[in-house]
Amino acid sequence: MSRIRTIKPEFFTHEELFDAEQSTGLPLRLAFAGLWTQCDRDGRFNWRHRQLKVAIMPYDTVDFSRVLDALATRGFVVKYTSGTSEYGFIPSWTRHQVINNRERASVLPAPTENIEVFDASITREQREDDAGQGEGKGREGKGRDSLSETSSDAPPKKANSEKYPRAFEAFWQAYPRSPNMSKSKALAGWKKLTEEQRVACAAAVPAYKAFLASKTDHPTMHATTFINERRFEGFSSEPAAAVPVNDDRWKKRLVYAREKSAWPTAWGPRPSQPGCGVPTHLLEINDGLNWTETETVR
């Protein structure tokens, strides 16, 4: 049953959703807003991609199971199981929805510490090329099988007995994780880093956590993405040795940021945020206020 939900003006300027939509070619923004109407009062919904598509995007030729996977990969939704049924929930639900007290209580099981969580990124590379194909291609029929337990990145018994390197384990415990993150996939990326990069990656976690604390509506980046795409470099407290960021470079960046009222996340936390690397003697009193954060320089 569809329900009336609230949408805030900030939704339309959500850069992470826009970037995700651009990179996947999938209508993630409309689908994500539509999912709210299918959630119960606790932000839970049945993970039934065919039914959800009919309710949210009935006229679009899009594989909605891929839409759900893309949202889960980026932390906007979380997939879990209870018994033999599959469900989803929206982690940021309580921060953005005000529920009518007369709405009936949820009848869906709540996600717990022991839920079986699916990592949507497991199937992302295999399905990325068919982002715009319609449902008639048979892609959705394969979606559930491809996300079954047998498609995970390690057999359950092996995963339980696997010993992780001490440095990686320390990183994993410090990182702000969400239930749909794969520890073994993060480890695979970790092993590809040099020793110097591993140190930088672990050292960047506090600055990234401070960044998340300052933006409560910002979804947590997958640890795998943080590692594989070298996102930690944007939160490193030390400039790269090959390209030192001296005062002149910071001045140019500040000129750009003041003109655009924007701050690329690759430069680390913006002025006025914890962990900002800009020398204080270069800052003006209003720097960082009402600036948006972008993935790239516009």
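Filter the range 261-296 down to the residues that are surrounded by 15 or more Cβ atoms within 10 Å (Cβ to Cβ) and outside any loop (DSSP other than H, G, I, E, B) and list them by number. Spell out how you get there, then give the answer.
Residues of the range 261-296 that are surrounded by 15 or more Cβ atoms within 10 Å (Cβ to Cβ), as a first pass: 262-265, 267-273, 275-278, 283, 287-288, 291, 293-295.
Across the range 261-296, the qualifying residues are Ala262, Trp263, Pro264, Thr265, Trp267, Glu293, Thr294.
Of all residues in the range 25-42, which are in contact with an Asp or Glu (Cβ under 7 Å, 6 or more places away or on another chain) and free of Cβ contacts under 8 Å to residues at least 24 places away in the same chain?
Going through the range 25-42, the residues in contact with an Asp or Glu (Cβ under 7 Å, 6 or more places away or on another chain) turn out to be 27-29, 41.
Of everything in the range 25-42, just one residue is in contact with an Asp or Glu (Cβ under 7 Å, 6 or more places away or on another chain) and free of Cβ contacts under 8 Å to residues at least 24 places away in the same chain, namely Arg29.
Would you check if there is a residue in the range 55-62 being assigned to a helix (DSSP H, G or I) and in the same structural domain as Asn101 (by TED's automatic domain parsing)?
The first filter runs over the range 55-62 and keeps only residues assigned to a helix (DSSP H, G or I), leaving 55-56.
If we keep only those that are in the same structural domain as Asn101 (by TED's automatic domain parsing) too, we end up with 55-56.
Within the range 55-62, one or more residues are assigned to a helix (DSSP H, G or I) and in the same structural domain as Asn101 (by TED's automatic domain parsing).
Out of the residues in the range 197-218 that are of a type in the set (Ser, Thr, Tyr) and closer than 25 Å to Phe12 by Cβ, state the one that is surrounded by the most Cβ atoms within 10 Å (Cβ to Cβ).
Only one residue fits best here, namely Ser214.
May I ask you to verify whether Val243 is farther than 21 Å from Ala202 by Cα, of a type in the set (A, V, I, L, M) and modelled with pLDDT under 85? Working first, answer last.
Details: farther than 21 Å from Ala202 by Cα: no; of a type in the set (A, V, I, L, M): yes; modelled with pLDDT under 85: yes.
Criteria not met by Val243.
Do you know which residues across the range 27-69 are buried (at least 22 other Cβ atoms within 10 Å of the Cβ) and among the acidic types (Asp, Glu)?
Hits for the range 27-69 are Asp63, Asp69.
Being of a type in the set (S, T, N, Q) and free of Cβ contacts under 8 Å to residues at least 12 places away in the same chain is the filter here; which residues of the range 1-24 pass it? Before the answer, list the steps.
Looking only at the range 1-24, we keep the residues that are of a type in the set (S, T, N, Q), and these are 2, 6, 13, 22-24.
The answer is Gln22, Ser23.
Name the residues in the range 219-229 that are assigned to a loop (DSSP other than H, G, I, E, B), out of contact with any Phe, Trp or Tyr (no Cβ under 7 Å at 6 or more places or on another chain) and buried (at least 17 other Cβ atoms within 10 Å of the Cβ), would you? Can you show your working first?
Within the range 219-229, the first condition is being assigned to a loop (DSSP other than H, G, I, E, B), and the residues that meet it are 219-222, 229.
Applying the additional criterion that residues be out of contact with any Phe, Trp or Tyr (no Cβ under 7 Å at 6 or more places or on another chain) yields 220-222, 229.
Residues satisfying the conditions are Thr220, Met221, His222.
The values are calculated or read from the model by the stated rules, or taken from the named source; none is laboratory data. Since the structure is predicted, the reported quantities are computational estimates derived from the model, not experimental observations. When we count neighbours, we look across all protein chains shown, and the Cβ atoms used for this are built from the backbone with ideal geometry, even at glycine.
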